[in-house]
Amino acid sequence: MTDRSVTNPYTHEAMPDAAHTREALLDAGAALAEEHGLAGISVNMVVARAGVAKGTFYVHFKDRAAFIDAMHARFHARVEAAMEEAVVDLAPGAERLFRAAETYLDISLQNRGVKALSLEAGSDPTIAARRERLAAGTISDLQVLGWDDAEAAAQLLAAMIREISALEFDRGHPLPASRRSLKRFLDT
């Protein structure tokens, strides 16, 4: 029996065929989301783009909703990992908050398909829970900065970052003035 594993482009670890197929389906979905938005993604389109049979889709995902959730979960896992890596050597505070926010914004621009899904599915409770987890990660930094109600400030900071992300998504590139304003807000 031959080893038919491939390398995951994000972790550089070997992936067996099943994991490779699942990633190919998710990649296809992200590309289609960028082209057609959330409403425009069908299972038929995903399998055609991924080059697999329709039954293969259902081996990996119970239904379209589970697939969309898996796309979001993968995006948020990548965001969290990249943010942790970006701030690993920084002490809690403004620079750490800004570096994490900038990482989020950059990844959102690089993953426009999933970002499109996030913008369209903003009221989904699963997505809201992931966003809450990201916001909660800023509380200790805000406490270091002296915010009396760090939880409320974390929610406001997350809303500002999401708004910058939406503006950048619409324009298709970073908005340096918005990012500078965010940095200035954090430095005060």
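A short reminder: the numbers here are calculations on the coordinates, not readings from a lab. Everything quoted here is computed from the prediction, not taken from an experiment. Reconstructed Cβ throughout: ideal geometry from the backbone, glycine too, with neighbour counts over all protein chains shown.
Across segment 87-103, in residue order, what do the Karplus-derived ³J(HN,Hα) couplings come to in whole Hz, using 6.51 cos²θ - 1.76 cosθ + 1.60 with θ = phi - 60° and x for Gly and Pro?
In residue order, the calculated couplings are 10, 3, 9, 9, 6, x, x, 4, 5, 5, 4, 5, 4, 5, 5, 5, 4 Hz.
To the nearest 0.05, what FRET efficiency results for Glu84 and Leu109 with a Förster distance of 25 Å applied to their C-beta separation?
0.85
Put a dot 7 Å past each Cα toward the Cβ at Lys54 and Leu175; how far apart are the dots in nm?
So the label points at Leu175 and Lys54 sit 4.2 nm apart.
Can you list the residues, at least 5 places off or on another chain, whose amide H is less than 5 Å from the amide H of Asn111, using H built in the peptide plane?
none
Applying the Karplus parametrisation 6.51 cos²θ - 1.76 cosθ + 1.60 with θ = phi - 60° to the phi angles of segment 54-68, what ³J(HN,Hα) value in whole Hz is obtained for each residue in order, glycine and proline being reported as x?
So the Karplus estimates, Gly and Pro as x, are 4, x, 4, 4, 6, 5, 9, 9, 4, 6, 4, 4, 5, 5, 4 Hz.
Evaluated at 4 °C with a viscosity of 1.567 mPa s, what Stokes-Einstein diffusion coefficient in µm²/s does segment 8-187 have when Rh comes from the Kirkwood expression over alpha-carbon pairs?
The Stokes-Einstein estimate is 74 µm²/s.
Just to be sure I understand the model, the point goes 7 Å from the Cα along the line to the Cβ. What's the resulting Glu163 to Val43 distance in nm?
Placing both labels 7 Å along Cα→Cβ, they lie 4.1 nm apart.
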